[in-house]
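Here the structure is laid out as structure tokens; the discussion comes afterwards.
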Amino acid sequence: MKVLHVILGKADKNRPNGVNQVIAGLATHTARLGVPVSVLGLAKSAAHEGELVARDGFEVEVYSRPGPAFRAALRKAVGAADIVHLHGTYSRLNLRVGRLCAELKTPYVVTLHGGLSPARNTWRNAWKKDLFHMLFQKRHLERAALIHALTEEESTEALERFRPAAMTVIPNGVDLSDFPAPATNRAQNRPIQLGYIGRISREKNLDALCEAFAQVNGAGDAQLLLAGPDSPESAAILRRWSAHGVGFVGPKFGDDKRAFLAGLDLFVHPSRADVFSIGAMEALASGVPLVISRTSDASHFAGTGAFILCEPTAFGIARALRRAFNCQAGWPEMARRGRQLVESRLNWNAAATDLMAAYKNVLER
């Protein structure tokens, strides 16, 4: 079995783009299972057309634009693959690749990556997305050999928009080799530190998180640290909330990210639309107690006791934070269960193993 991923980007896990992090994890662990995997990417930062970027167990062939060189490479790669894996929605590139797969009779899989969530639409772009979906995307998705939803909730959103030929639900994960052991001995006699890591954008709902934190931090003896790329949104958040103990620490990757997570007492992921964020999974892997919104698609794991679930409003987040603060004695047990959930289910080896089985079912049909 030869697997080809076609993407926007270079499959760099040390980037804020969550889709590239996912592809890096899946491709690495697919290769570790002994399955040949290649990645063809479009990125303006390509050093030259056809640049080869070495990753862990696979290479990314990168082109700066969808010109003749890319089209020739795409046709060759799709023709050589047994199965093609596409990522995301509302993508002209995916439509082009899907048509080529149909021409060359190569089955393709689409991972939705939360793209069909109504909460990701705004009144300015909703009608454009609806029109694109009805005219182009619906047929493309229904022609796919397999639709890959990342959460049970996302499968419901998909079934409301189109009728897949086949669908599977396989969650994202983390690389346990990046988080070999959770932090257990955090510094004492210091302010409680809450944290968030990820994109600083509207759907991540950080204003509601900051408002909730300000409500519960009346004594000013806690800190909320936000890690993510600089943006107009991060500057606006600081102007509004820095006086209430909110700080911005910039993007964190690799050892810096692990050190940031190790210094936290509580991780909060308040998103209005997500598919169980990798940042939240990394917090669980690091042994950090987690508060996560219901709309982050974590509810089907709530029975594990690995986190506290909240509503994505300042009111709901504040209620969850008060609950967490009032049960600090239970944080070690919550952290243990979170790590156990990652080790048993939310890791790239488990995801890649399940995905290989799904590919095999496609090819045997």
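The values are calculated or read from the model by the stated rules, or taken from the named source; none is laboratory data. All of these numbers come straight from a predicted model, not from anything done at the bench. Virtual Cβ from ideal backbone geometry, glycine too; neighbours counted across all protein chains shown. Remember, those area values only see protein heavy atoms, side chains included, never the ligands or the DNA or RNA. Shrake-Rupley method; radii C 1.70, N 1.55, O 1.52, S 1.80 Å.
Does P16 satisfy the condition of being in contact (Cβ under 8 Å) with a residue 40 or more places away in the chain, open to solvent by 20 Å² or more (accessible area, probe 1.4 Å) and over 26 Å from K360 (Cβ atoms)?
Against the criterion (in contact (Cβ under 8 Å) with a residue 40 or more places away in the chain, open to solvent by 20 Å² or more (accessible area, probe 1.4 Å) and over 26 Å from K360 (Cβ atoms)), P16 qualifies.
Being touching a Pro at 6+ places or on another chain (Cβ under 8 Å) and either closer than 15 Å to R161 by Cα or open to solvent by 50 Å² or more (accessible area, probe 1.4 Å) (or both) is the requirement here; does E142 meet it? The answer is yes for E142. Residues in segment 239-277 that are open to solvent by 20 Å² or more (accessible area, probe 1.4 Å), under 30 Å from S155 (Cα atoms) and aliphatic (A, V, I, L, M): 0 in all. Going residue by residue through segment 292-301, is there one that turns out to be of a type in the set (D, E) and free of Cβ contacts under 8 Å to residues at least 60 places away in the same chain? No, there is no match, as no residue in segment 292-301 is of a type in the set (D, E) and free of Cβ contacts under 8 Å to residues at least 60 places away in the same chain. Listed conditions (1) in contact (Cβ under 8 Å) with a residue 60 or more places away in the chain; (2) open to solvent by less than 60 Å² (accessible area, probe 1.4 Å) are all met by D82, apart from (2). Is there a residue in segment 105-115 that is under 29 Å from R199 (Cα atoms) and surrounded by fewer than 18 Cβ atoms within 10 Å (Cβ to Cβ)? No, segment 105-115 contains no residue that is under 29 Å from R199 (Cα atoms) and surrounded by fewer than 18 Cβ atoms within 10 Å (Cβ to Cβ).
Has segment 111-121 got at least one residue that is at positive phi, of a type outside the set (A, V, I, L, M) and modelled with pLDDT of 95 or more? It would help to see each step written out before you state the result.
Of segment 111-121, the ones at positive phi are 113-114.
Next cut, of a type outside the set (A, V, I, L, M) only: 113-114.
Now drop any that are not modelled with pLDDT of 95 or more, which leaves 113.
So far as segment 111-121 goes, yes, one or more of its residues are at positive phi, of a type outside the set (A, V, I, L, M) and modelled with pLDDT of 95 or more.
Results for (1) within 23 Å of the chain's Cα centre (by Cα); (2) over 23 Å from W348 (Cβ atoms); (3) at pLDDT 95 or above, shown as yes or no for each residue.
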{"residue": "G41", "(1), (2), (3)": "yes, no, yes"}
{"residue": "E49", "(1), (2), (3)": "no, yes, yes"}
{"residue": "R65", "(1), (2), (3)": "no, yes, yes"}
{"residue": "F70", "(1), (2), (3)": "no, yes, yes"}
{"residue": "H85", "(1), (2), (3)": "yes, no, yes"}
{"residue": "K105", "(1), (2), (3)": "no, yes, yes"}
{"residue": "W123", "(1), (2), (3)": "no, yes, no"}
{"residue": "M134", "(1), (2), (3)": "no, yes, yes"}
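Hey, could you check segment 33-76 for residues that are open to solvent by 30 Å² or more (accessible area, probe 1.4 Å) and either touching a residue at least 60 places away in the same chain (Cβ under 8 Å) or part of a helix (DSSP H, G or I) (or both) and say which is nearest to I23 (Cα to Cα)? So, considering only residues that are open to solvent by 30 Å² or more (accessible area, probe 1.4 Å) and either touching a residue at least 60 places away in the same chain (Cβ under 8 Å) or part of a helix (DSSP H, G or I) (or both), the one nearest to I23 (Cα to Cα) is L33. Which of the residues belonging to segment 209-229 are aliphatic (A, V, I, L, M) and either open to solvent by less than 30 Å² (accessible area, probe 1.4 Å) or within 18 Å of L290 (Cα to Cα) (or both)? Residues satisfying the conditions are L209, A212, A214, V216, A222, L224, L225, L226, A227.
For segment 318-327, check the following and say yes or no: at least one residue is closer than 29 Å to G247 by Cα, part of a loop (DSSP other than H, G, I, E, B) and over 18 Å from the mean Cα position of the chain (by Cα). Within segment 318-327, one or more residues are closer than 29 Å to G247 by Cα, part of a loop (DSSP other than H, G, I, E, B) and over 18 Å from the mean Cα position of the chain (by Cα). Pairing residues of segment 239-256 that are in contact (Cβ under 8 Å) with a residue 40 or more places away in the chain with residues that are part of a helix (DSSP H, G or I) and of a type in the set (D, E, K, R), at Cβ distances under 9 Å and at least 6 apart in sequence or on separate chains, gives P251/K257; K252/R258; G254/D178.
Residues in segment 85-95 that are in a helix (DSSP H, G or I) and either crowded, with 22+ Cβ neighbours inside 10 Å or not hydrophobic (A, V, I, L, M, F, W, C) (or both): R92, N94.
For segment 254-261, the count of residues that are over 21 Å from D207 (Cβ atoms) and in contact with a Lys or Arg (Cβ under 7 Å, 6 or more places away or on another chain) is nonzero. Of all the numbered requirements in (1) open to solvent by 10 Å² or more (accessible area, probe 1.4 Å); (2) of a type outside the set (S, T, N, Q); (3) within 17 Å of L261 (Cβ to Cβ), E333 misses one, and that requirement is (3).
Cβ-Cβ distances below 6 Å connect the following pairs, each with a first residue in segment 329-356 that is closer than 30 Å to L146 by Cα, a second residue that is among the hydroxyl-bearing types (S, T, Y) and part of a helix (DSSP H, G or I), and a separation of six or more residues or different chains: L341/T304; A352/T30.
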